[in-house]
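J.: Here it is: the structure, laid out below.
The values are calculated or read from the model by the stated rules, or taken from the named source; none is laboratory data. Only a predicted model underlies this, so the values are computations on that prediction, with no experimental measurement involved. All Cβ positions, even for glycine, are placed from backbone atoms using ideal geometry, and neighbour counts span all protein chains on display.
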Amino acid sequence: MNVRKNKLASLAALGFAAGIALTACGGSAEEGTSGASDAGGAAAGGSGYAELSGNLAGAGASSMGNAQTAWTETFKGLVQAEGGDITVTYDPTGSGTGREQFLSGQVKFAGTDAALDEEELAASAEVCSGEQAFDLPVYISPIAVVFNLEGVDSLNLSPEVIAGIFAEEITTWNDPAIAELNPDADLPDTAVVPVHRSDDSGTTENFTQYLSDNAPDAWTHGPIETWPIDGGQSGDGTSGLISAVESGNGTIGYADASQAGNLGTASVQVGEEFVDYSAEAAAKAVDVSPREEGRAENDIVMELDRTTTEAGTYPIVLISYLALCGAYEDEATGNAVKSYASFMISEQGQQVAAENAGSAPISDELRTEAQTAIDGITVG
């Protein structure tokens, strides 16, 4: 389903390189009541945090960078309040690099805007004590179409026009296709400069999936994680793309909405209306989408309906997943991963992300399913 560079052959040779060091101050975290482990958060009333110490490293999607910063800092404070002392770090290297580091054992969890595919799931058993990894939805956010065009702050764009711009078929801002959708805008004859991600990016895959589903005649490259068109302007990671758009005139790109800043953003045509991005509109797009078929019960991946015409939905949305092992050989490592993952999906953790990154909290139903999957991780 997803077209990615095949880099898995080299991963096996890396083995369990550069893992994390964790030491337990006592026994393993006890299991709590009310559907979550005690380590899942102070709100659950557990004492498991007191037993956590050391360092836990993750890497991956830059889209959730702001959320991860808030999560790691809040989690550290909760642990310290109970007498534990653990530092969780997250390197926003991009989804592709994060998955590679996870599958080579360099980090113990990964954030990714594109769920692990069949080949990656099979390869994960090499670093997951014989058990396959799985995905959990932890971060729901719209992908904003951001632009920097002097004198223009907002635009209405259809899927076909967005696809034409990024396929480099629409080359000036006063092109009739753009002007027709924006009759009140004073559009200059400035050149359109599309900006794409230079790294392997789950945001790119989600964005091009939207283009492919809605405008296949204009976007003929399909859903891809690595940008398929040579040349053009690009940026490394979300921050690099935003910087490239900010530094030009006539530039346009795509990025997690939490980092759109002061750039102009496009309203996207859905059915007969134009919808601004928002956490609520992104969450609604997820609500009308089914689970992806053919995955293990603990591998919770959504099949986003990007062609929906449901009112009030914003279909250029990403669900950023947490990739975890089904088993961790080291007990302290496994308990630390379970604690941090439980915090991220908790009501408190989701609210922290919403306040600091503008994301949409996952539903109670998804939270319950995700907690069951986390509780099923074997350790030791």
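J.: Please work out which residue is nearest to the chain's Cα centre (by Cα), limiting yourself to region 200-257 and to residues that are outside any helix (DSSP H, G or I) and among the charged types (D, E, K, R).
T.: D256
J.: For region 281-332, how many residues meet the condition of being aromatic (F, W, Y) and without any contact (Cβ under 8 Å) to a residue 24 or more places away in the chain?
T.: 0
J.: Here is a further query. Taking the condition modelled with pLDDT of 90 or more and surrounded by 23 or more Cβ atoms within 10 Å (Cβ to Cβ), does G41 pass?
T.: It is false that G41 is modelled with pLDDT of 90 or more and surrounded by 23 or more Cβ atoms within 10 Å (Cβ to Cβ).
J.: I need the full set of residues from region 130-165 which are out of contact with any Cys (no Cβ under 7 Å at 6 or more places or on another chain) and over 30 Å from T309 (Cα atoms), in order please.
T.: Residues satisfying the conditions are G130, Q132, F134, E150, G151.
J.: If T307 satisfies all but one of (1) closer than 30 Å to A244 by Cβ; (2) surrounded by fewer than 20 Cβ atoms within 10 Å (Cβ to Cβ); (3) assigned by TED's automatic domain parsing to the domain that holds V152, what's the number of the condition it fails?
T.: Unmet condition: (3).
J.: How many residues does region 76-95 hold that are closer than 12 Å to A50 by Cα and in contact (Cβ under 8 Å) with a residue 12 or more places away in the chain?
T.: The number of residues fulfilling the criteria is 9.
J.: Somewhere in region 346-365, is a residue under 21 Å from E303 (Cβ atoms), modelled with pLDDT under 95 and assigned to a helix (DSSP H, G or I)?
T.: Yes: one or more hits.
J.: Right, N174: part of a strand (DSSP E or B), over 30 Å from Q101 (Cα atoms) and at pLDDT 95 or above or not?
T.: Criteria not met by N174.
J.: Right, another one. Restricted to region 276-320, and to residues that are among the polar types (S, T, N, Q) and part of a loop (DSSP other than H, G, I, E, B), which residue is modelled with the lowest pLDDT?
T.: Here the residue is S289.
Rundown of residues vs (1) outside the structural domain of T204 (by TED's automatic domain parsing); (2) touching a Gly at 6+ places or on another chain (Cβ under 6 Å); (3) surrounded by fewer than 20 Cβ atoms within 10 Å (Cβ to Cβ); (4) not hydrophobic (A, V, I, L, M, F, W, C), yes/no style:
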residue: A255; (1), (2), (3), (4): no, no, no, no
residue: G261; (1), (2), (3), (4): no, no, yes, yes
residue: E272; (1), (2), (3), (4): no, no, yes, yes
residue: E280; (1), (2), (3), (4): no, no, yes, yes
residue: A296; (1), (2), (3), (4): yes, no, yes, no
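J.: Only residues in region 164-184 that are more than 14 Å from A266 (Cβ to Cβ) count as the first member; pair them with residues that are among the aromatic types (F, W, Y), Cβ under 8 angstrom, at least 6 apart or cross-chain, and list the lot.
T.: A167/W219
Yes or no, residue by residue, for (1) more than 21 Å from G334 (Cα to Cα); (2) crowded, with 24+ Cβ neighbours inside 10 Å:
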{"site": "D117", "(1), (2)": "yes, no"}
{"site": "E131", "(1), (2)": "no, no"}
{"site": "L136", "(1), (2)": "no, yes"}
{"site": "F147", "(1), (2)": "yes, yes"}
{"site": "E150", "(1), (2)": "yes, no"}
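J.: What strands (runs of 3 or more DSSP E) completely inside region 64-165 contain at least 3 residues that are of a type in the set (A, V, I, L, M, F, W, C) and under 22 Å from R367 (Cβ atoms)?
T.: 133-148
J.: Would you be able to tell me the number of residues in region 321-339 that are buried (at least 24 other Cβ atoms within 10 Å of the Cβ), in contact with a Ser or Thr (Cβ under 8 Å, 6 or more places away or on another chain) and assigned to a helix (DSSP H, G or I)?
T.: 4
J.: Still on this structure, please answer the following. Tell me which of these T220 doesn't satisfy, since it passes every other one: (1) surrounded by fewer than 17 Cβ atoms within 10 Å (Cβ to Cβ); (2) under 21 Å from F274 (Cβ atoms); (3) of a type in the set (S, T, N, Q).
T.: Result: T220 passes all but (2).
J.: If you don't mind, another one. If I filter region 366-375 for residues that are in contact (Cβ under 8 Å) with a residue 24 or more places away in the chain and part of a loop (DSSP other than H, G, I, E, B), do I get at least one hit?
T.: no
J.: Can you name the condition, by its number, that I229 falls short on among (1) surrounded by fewer than 16 Cβ atoms within 10 Å (Cβ to Cβ); (2) farther than 30 Å from D305 by Cβ; (3) among the hydrophobic types (A, V, I, L, M, F, W, C)?
T.: Among (1) surrounded by fewer than 16 Cβ atoms within 10 Å (Cβ to Cβ); (2) farther than 30 Å from D305 by Cβ; (3) among the hydrophobic types (A, V, I, L, M, F, W, C), I229 violates only (2).
J.: Only one residue in T89, T190 is surrounded by fewer than 19 Cβ atoms within 10 Å (Cβ to Cβ) and closer than 25 Å to G349 by Cβ, so which one is that?
T.: That would be T89, the only listed residue that is surrounded by fewer than 19 Cβ atoms within 10 Å (Cβ to Cβ) and closer than 25 Å to G349 by Cβ.
J.: Something else: Given the structure, is E273 at pLDDT 95 or above, out of contact with any strand residue (DSSP E or B) (no Cβ under 7 Å at 6 or more places or on another chain) and charged (D, E, K, R)?
T.: yes
J.: Confirm whether W173 is more than 22 Å from the chain's Cα centre (by Cα) and of a type in the set (F, W, Y).
T.: yes
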